[in-house]
Amino acid sequence: MNTVTPIAGFVILVFVALAAWHVRMALGSSSARSGAVPSVSGEPLWVPSVQATLAVAVALLVFACLVAAMARFISVGIPQRTLAWLCYALALGLIARAIGEFKYLGFFKRVTGSKFARLDTLLYSPLCLLLAVGVTFVACRRGI
């Protein structure tokens, strides 16, 4: 077994789990969404619609498929070189999310103290960084 297989499997599993979580949030109660978006003084900055939350779930499943195709678990008819570049773009997006926009999310946020801010610091941003490393590793080992 090569080193790509378990890492790709882990990354795919995390993306699928995140997609399932977003479906649960979209179809569940408002308590399922607690801590899911930045808030100020206890009020969320926005309330994601069911459609937007489901769209995020679909995007996460597409990311899982991208990694699965890059790892050659599935065939999608796209050249490996193209898949690799898509993986690198995904990794950059995940790194950008981990860094954040310097006010409400990411490692360098200034607004702290909310449930989201704590979860973002302890879970969301580190997970984005870990996924970026995993996606990059799979792309480097299998692609260009």
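The values are calculated or read from the model by the stated rules, or taken from the named source; none is laboratory data. The structure displayed is predicted, hence computed values, not measured ones. Cβ: placed from backbone, ideal geometry, glycine included. Neighbour counts: every protein chain shown.
For region 85-97, does any single residue satisfy the condition of being under 19 Å from A139 (Cβ atoms), assigned to a helix (DSSP H, G or I), touching a helix residue (DSSP H, G or I) at 6+ places or on another chain (Cβ under 8 Å) and of a type in the set (K, R)? Yes, region 85-97 contains at least one residue that is under 19 Å from A139 (Cβ atoms), assigned to a helix (DSSP H, G or I), touching a helix residue (DSSP H, G or I) at 6+ places or on another chain (Cβ under 8 Å) and of a type in the set (K, R).
Pairing residues of region 17-35 that are modelled with pLDDT under 75 with residues that are not aromatic (F, W, Y), at Cβ distances under 7 Å and at least 6 apart in sequence or on separate chains, gives A32/R24; A32/M25; R33/M25; S34/K115.
The single condition among (1) in a helix (DSSP H, G or I); (2) farther than 19 Å from P126 by Cα; (3) free of Cβ contacts under 8 Å to residues at least 40 places away in the same chain that V76 does not meet is (1).
Condition first: of a type outside the set (A, V, I, L, M, F, W, C), part of a helix (DSSP H, G or I) and surrounded by fewer than 17 Cβ atoms within 10 Å (Cβ to Cβ). Now tell me which residues in region 2-32 satisfy that. Quick ask: steps written out before the conclusion?
Restricting attention to region 2-32, the residues satisfying the condition of being of a type outside the set (A, V, I, L, M, F, W, C) are 2-3, 5-6, 9, 22, 24, 28-31.
Of the ones still in play, those that are also part of a helix (DSSP H, G or I) are 5-6, 9, 22, 24, 30-31.
T5, P6, G9, R24, S30, S31, listed by residue number.
Of all residues in region 46-64 being assigned to a helix (DSSP H, G or I) and surrounded by fewer than 16 Cβ atoms within 10 Å (Cβ to Cβ), which is nearest to the chain's Cα centre (by Cα)? For region 46-64, the residue satisfying everything is A59.
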